[in-house]
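Worksheet for the structure shown next.
Computed from the coordinates by the stated procedures, all read-outs in this text should not be read as laboratory data. No experiment lies behind these values; they were computed from the predicted model shown. Please note: Cβ atoms are built from the backbone with ideal geometry, for glycine as well, and neighbour counts cover all protein chains shown.
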Amino acid sequence: MDRLPLFSGLTGTAGKFAGIASQILQDRLELLALELRETKIRFIQAVLLVCIAVVFSLLGLLLLVLAVLYVLPPEWRIYGLAVAAMASMVAGAAAFIVLCRRLARKPLAFDQSLAELKKDTTCFSTKN
């Protein structure tokens, strides 16, 4: 008879623990969803800005090359075209390097969720 209250106390504790665990899981999933939404928005903004920058840069570069080639004497136009092509390739490589460095500096997409999960793991794995 004495075991019945002990058993009911354990089931009550297990139920409370399950409720707390499900609340923690729900909070972490909400944080993950929020970070995913923010990452998606930042990605779309970056893609749109890159597309706009590429279109206007190419248009400006084309007009600049045509203007310079128009001004050059006919015998120098091929050299002018070669210089413009080299300058374009150097500028493109520099922009690619800057983009790679900028992307490397940004934190991971789900950095906060991973940090919270690590905190939860250390909290539940330590022996009190």
Would you calculate the separation in nanometres between label points at Met89 and Leu64, each defined as 7 Å from the Cα along the Cα-to-beta-carbon direction?
1.8 nm
Taking the Cα centre of the chain as origin, work out the dipole magnitude from +1 charges on Lys and Arg Cβ and -1 charges on Asp and Glu Cβ, in debye rounded to 20.
200 debye
In the chain, if the dipole is taken from +1 on Lys/Arg beta carbons and -1 on Asp/Glu beta carbons about the Cα centre, which of Thr11, Thr122, Leu49 is farthest to the positive end?
Thr122
Answer in debye to the nearest 20: the dipole magnitude of region 10-66 about its Cα centre, from +1 Lys/Arg and -1 Asp/Glu charges placed on Cβ, is 60 debye
Rg/Rh for the chain, where both radii come from Cα atoms and Rh is the Kirkwood radius:
1.44
Could you compute the net charge surrounding Lys119? Neighbours are other residues with a C-beta less than 14 Å from the C-beta of Lys119; K and R count +1, D and E count -1.
-2
Where a Cα-Cα gap under 19 Å defines reach, which aspartates and glutamates qualify for Lys118, not counting those fewer than 8 residues away within the same chain?
Asp27, Glu30, Glu35
